[in-house]
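Participant: Mind having a look at this structure? Questions to follow.
Coordinate-derived values only; no laboratory data. Keep in mind that this is a model prediction, so the values were computed, not measured. Note: ideal-geometry Cβ built from the backbone for every residue, glycine included; neighbour counts use all protein chains shown.
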There are 4 protein chains.
Amino acid sequence: MDLGISGKKALVCASSEGLGKACAISLSQEGVHVFINGRTLETLQATAKEISDAGGQVTIIQADVSTEAGRKSLLEVCPEPDILINNNAGPNPVGFMQSTQQDWDDAIAANMMAPIFMIQSVLSGMRKRKFGRIINITSAMVKSPSPIMCVSSATRTAVTALCKAVSKEAVMSNVTINNILPEMFDTGRQQKNAELIMRFTKVSYDDARKKLVSRITAGRMGVPKEFGDTCAFLCSQQASYMSGQNVQLDGGSYDGLI
Amino acid sequence: MDLGISGKKALVCASSEGLGKACAISLSQEGVHVFINGRTLETLQATAKEISDAGGQVTIIQADVSTEAGRKSLLEVCPEPDILINNNAGPNPVGFMQSTQQDWDDAIAANMMAPIFMIQSVLSGMRKRKFGRIINITSAMVKSPSPIMCVSSATRTAVTALCKAVSKEAVMSNVTINNILPEMFDTGRQQKNAELIMRFTKVSYDDARKKLVSRITAGRMGVPKEFGDTCAFLCSQQASYMSGQNVQLDGGSYDGLI
Amino acid sequence: MDLGISGKKALVCASSEGLGKACAISLSQEGVHVFINGRTLETLQATAKEISDAGGQVTIIQADVSTEAGRKSLLEVCPEPDILINNNAGPNPVGFMQSTQQDWDDAIAANMMAPIFMIQSVLSGMRKRKFGRIINITSAMVKSPSPIMCVSSATRTAVTALCKAVSKEAVMSNVTINNILPEMFDTGRQQKNAELIMRFTKVSYDDARKKLVSRITAGRMGVPKEFGDTCAFLCSQQASYMSGQNVQLDGGSYDGLI
Amino acid sequence: MDLGISGKKALVCASSEGLGKACAISLSQEGVHVFINGRTLETLQATAKEISDAGGQVTIIQADVSTEAGRKSLLEVCPEPDILINNNAGPNPVGFMQSTQQDWDDAIAANMMAPIFMIQSVLSGMRKRKFGRIINITSAMVKSPSPIMCVSSATRTAVTALCKAVSKEAVMSNVTINNILPEMFDTGRQQKNAELIMRFTKVSYDDARKKLVSRITAGRMGVPKEFGDTCAFLCSQQASYMSGQNVQLDGGSYDGLI
């Protein structure tokens, strides 16, 4: 299937590893020039090499998207993206009663205002050029908030609400805004989670992984390429009529009707 | 993007025209052998010719999927589909107070029990073969019921609830069940709707169409290929981790957060 | 709090026991004349005595609301209800692959068309009299469909969709339509469920109950009066501005955001 | 109906006028000692007089709940509330492209962190005392975000997600957390909105009001008492089994199924 986006430019935030990287790879395979971003030069260069070795066009931007300076760097290198993938490392788990002003300030900066300000910076240009695809990588916890991830859930859901509002105007200019809600993909993050379970509950790594996987109805973790290709499809010309939605990639785990 | 479904078999109900046809075309372009279905031989043959002229592999099944006999015919010709697209003509608009036992019986047969029994017939085989994609073409009215389409809304939403329940087990065997909710695509149906408006409100065909389009936030009707390609993507290997969902193709018109 | 409905007439379907009875009791305590219904005269008379002993005004109607004849009886005795509570025994649990045409026909009659036709019979009168309260007792499974209750989930969700559509017009005449979604109340039904668990898993009745209760986040079953009083509040003058909604009485168990 | 909360203490934020005041009045009529709050002493005293003249027990706290100092004042005067009603003036309407860092900072303080920190301050005590009712007055825009209210929608939806997460633990100790989503009540706010429409579109006040009312399916604005009494019912003993929900008081205007 030809997605019709060869030659487009995509700004992919926090994409040196994990799901952001998966999106960059899938987009680059469709001929999109990807601008990848991360805080660590080494990881960023390794990912860039992987993409260009496979024939993709890639530019690296070392920056922290959580900061105003970081966002400025991103937009200086790629001022007119056709595609924006909002992504960032999530807040650490913390119970509500333990959450501090600092926890909230950090999450608001990294997971709420970072994507909001990125969208504000690119939206007018996209609307003027009559093409834009904005994807927010949020979380299953937007639709199913959990106590231990309450700070993450609150800030990401704020982005979801903002984007629904904004999408109503953007779609008139062929700019779509959608969210992808992952749960649970086989990335470094889940390796860390398995290690935490291993340490705290004194089980083997394999048993810790089994425990994680037991939460997923499909009985397995997702493969990053499944995430990346879904992202690429949502960025396609064909996906022009779909906007303001929450696409759950969760192995069918969500219990709700809608 | 390679969807990884070349050589698969798809049973596409009510696919001689409209959105069902769009799905058959998009799937055939990915190398899927499509079994198309309709009640009128002539229309069916024309669609089959269109698909095979473009290099697709196609088999026709003249049958009415609303009847038990019709479903039997479909399954005799294609007993082991990898992909099932549930589709059928919807009930005519009718106000609730005017709806009769007959209206309900007809809609229950055509838009509720037809897809339910089709799924019941193919699910075990799909689960045994560890691959299955079931897509129900429902309607925007599942998430936004409207008075004049209340019979359609009720019966299609019943399918949606059933499928959510069933999807929880099916996904364990790599069988996904998803719904696509169209509103409003440029097919014969909307031409008829425009003609109705033209006649009842004494306006030109162009003005009638403008009136229809004014309900869509994107400011245009959807193109059938947009629908078909989304369907094809949901049938892909890559979409294996996505199940039990309602994908709205409505030009961003839905107002709700979730 | 004065609910402002003293002297109103309420037709409460399937109300000789369980949640229907709880609604009848709460309404009668607000001065509503309740018309209670059931298939067994003895149970019906016992409930009627309980209500009238407490000072309530009550009329019994022995009839099966699942049948056209039964609905006719109800409406002959109470042709102009101000309040309609739709309730009926639910379908037995059955897996999707085991469900038969008969299972579906029965559930469609009892849990889909019975409430739909009851509403159709009383709606015009309520609208003309500028007051009406319609409450459907559905189930938590409308918002969280489960495999073993898939037939129930499908038919009850059809009612929910129909009612949303109808509510848009009804509310203009001060007729509200809302659904209450119980999970899990301490009625005879849960006693039967506990006995089933007791028998199948060879545990004591107490342990069987503990197993049931473990599914409820609040850590306890609901008390029927909690259900009845919520129903009475939704029937109040004050609840006039609330319509088309799904009120979950489930001890906070539902996981979804919306 | 006896709500069983006579003698309880309720902290009602931003309650010198509008919907907060309506909640305070309804609660006081049930015998609840209400602690009302506002920034202007005069308005606060007038409301207090109204409540005490009607026989209610009332204490005033002049403070701005948006600030840490203000919240401290509230909790000093009422350190152990049984009921907390979170309310605050909403952000001014502003388009997304015009919204500034300041707009976001203000809304985050007033409409997101204020209720979140209030809940954090009272939750442990409520759980220890095995009774608590927390109601957030949010907005219809949580479920139907609108472009011009996007900042309000984002911040209020963050609270909704946080509360869903927190409610899962709180309900185990008989502490419920629910949201009421108003649209549109006949308070000073709608008078201001009507005046704005009057000025900008050069119509009469009556026509401006008609324009506002035309957005409501019920064809009228809500009466504050309808809001207050619903709030009081959600604070009742009987409402103990209902938590984590979004109750829409919108004259049946919301279009969505769920």
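Participant: Counting only residues 5 or more places away or on other chains, whose amide H sits under 5 Å from the amide H of residue B:8 once H atoms are built in the peptide plane?
Facilitator: Those lying under 5 Å, H to H, from residue B:8 are B:33.
Participant: Sticking with this one: Please list the non-local residues whose amide H lies under 5 Å from the amide H of residue B:217, H modeled 1.01 Å from N, same-chain partners needing a gap of 5 or more.
Facilitator: Excluding prolines and chain starts, which carry no amide H, the hits are B:253.
Participant: In whole angstrom, how far apart do the alpha carbon centroids of segment A:100-162 and segment D:1-55 sit?
Facilitator: 37
Participant: Still on this model: For segment A:212-218, what does the Karplus curve 6.51 cos²θ - 1.76 cosθ + 1.60, with θ = phi - 60°, yield as ³J(HN,Hα) per residue in whole Hz, taken in order and with x for Gly and Pro?
Facilitator: Karplus-based 3J(HN,Hα) across segment A:212-218 equals 4, 5, 4, 7, 9, 4, 5 Hz.
Participant: May I ask which of C:9/D:225; B:72/B:168; A:225/B:130; A:8/A:130; B:21/B:143; A:143/A:164 have a Cα-Cα span longer than 18 Å here?
Facilitator: Working: C:9/D:225 24 Å; B:72/B:168 27 Å; A:225/B:130 20 Å; A:8/A:130 13 Å; B:21/B:143 24 Å; A:143/A:164 14 Å.
As for pairs spanning more than 18 Å Cα to Cα, those are C:9/D:225; B:72/B:168; A:225/B:130; B:21/B:143.
Participant: If I fit a long axis through the Cα atoms of helix D:150-170 and take the longest principal axis of the Cα atoms of chain D, what angle between them do I get, 0 to 90°, rounded to 10?
Facilitator: So the inclination is approximately 20 degrees.
Participant: Mind pulling the angle between the C-alpha long axis of helix B:224-234 and the longest principal axis of chain B? Nearest 10 degrees, somewhere in 0 to 90.
Facilitator: Long axis of B:224-234 versus the principal axis of chain B: about 40 degrees.
Participant: Also, quick follow-up: Quick one: angle between helix C:114-129 and the longest Cα principal axis of chain C, in degrees between 0 and 90, rounded to 10, please.
Facilitator: Relative to chain C, helix C:114-129 is tipped by roughly 30 degrees.
Participant: Next question. Could you go through segment A:7-24 in sequence order and give the Karplus-derived ³J(HN,Hα) for each residue, using 6.51 cos²θ - 1.76 cosθ + 1.60 with θ = phi - 60°, rounded to whole Hz, and x for Gly and Pro?
Facilitator: Values per residue, Gly and Pro as x: x, 6, 10, 10, 9, 10, 6, 6, 10, 6, 7, x, 6, x, 4, 4, 5, 4 Hz.
Participant: Could you pull out every residue, at least 5 positions away or on a different chain, whose amide H is within less than 5 Å of the one on residue A:184? Hs are placed 1.01 Å off N in the peptide plane, and Pro or chain starts have none.
Facilitator: The list, which skips near neighbours in sequence, is A:222.
Participant: Still on this structure: Kindly point out, ordered by number, any Cys in chain A whose beta-carbon has no other cysteine beta-carbon under 4.7 Å away.
Facilitator: A:13, A:78, A:150, A:163, A:235
Participant: Taking other Cβ within 10 Å of each residue's Cβ, how do B:212, C:41 sort, fewest first?
Facilitator: On the way: B:212 16, C:41 11.
Going from sparsest to densest Cβ surroundings: C:41, B:212.
Participant: Also, quick follow-up: Could you derive backbone 3J(HN,Hα) for segment B:238-246 from the dihedral phi with the Karplus parameters 6.51, -1.76 and 1.60 (θ = phi - 60°), listing whole Hz in sequence and x where the residue is Gly or Pro?
Facilitator: 4, 8, 4, 9, 10, 8, x, 10, 10
Participant: Quick one: if you stick a label point 7 Å off each Cα along the C-beta vector at residue A:124 and residue B:210, how many nm between them?
Facilitator: 3.1
Participant: Quick check: net charge around residue C:89, other residues with Cβ under 12 Å of its Cβ, Lys/Arg +1 and Asp/Glu -1? Let's see the in-between values first.
Facilitator: Details: positive: C:39, C:189, C:192; negative: C:17, C:64, C:106.
Local net charge: 0.
Participant: As an exercise, use a Förster radius of 30 Å and the Cβ-Cβ distance of residue D:196 and residue D:72 to find the FRET efficiency, rounded to the nearest 0.05. Could the numbers behind the result be given before it?
Facilitator: Numbers: r = 35 Å, r/R0 = 1.16.
The formula returns an efficiency of 0.30 here.
Participant: Tell me which aspartates and glutamates have Cα within less than 12 Å of residue A:128's Cα, excluding those fewer than 8 residues away on the same chain?
Facilitator: A:80, A:82
Participant: A further question follows. Cut-off under 17 Å on the C-alpha distance; same-chain residues fewer than 8 positions from residue A:210 excluded. Which lysines are left, in chain and number order?
Facilitator: Partners found: A:192, A:202.
Participant: What order do you get for A:96, C:233 when you list them from fewest to most C-beta neighbours inside 10 Å?
Facilitator: Working: A:96 20, C:233 26.
The fewest-first ordering by Cβ neighbours comes to A:96, C:233.
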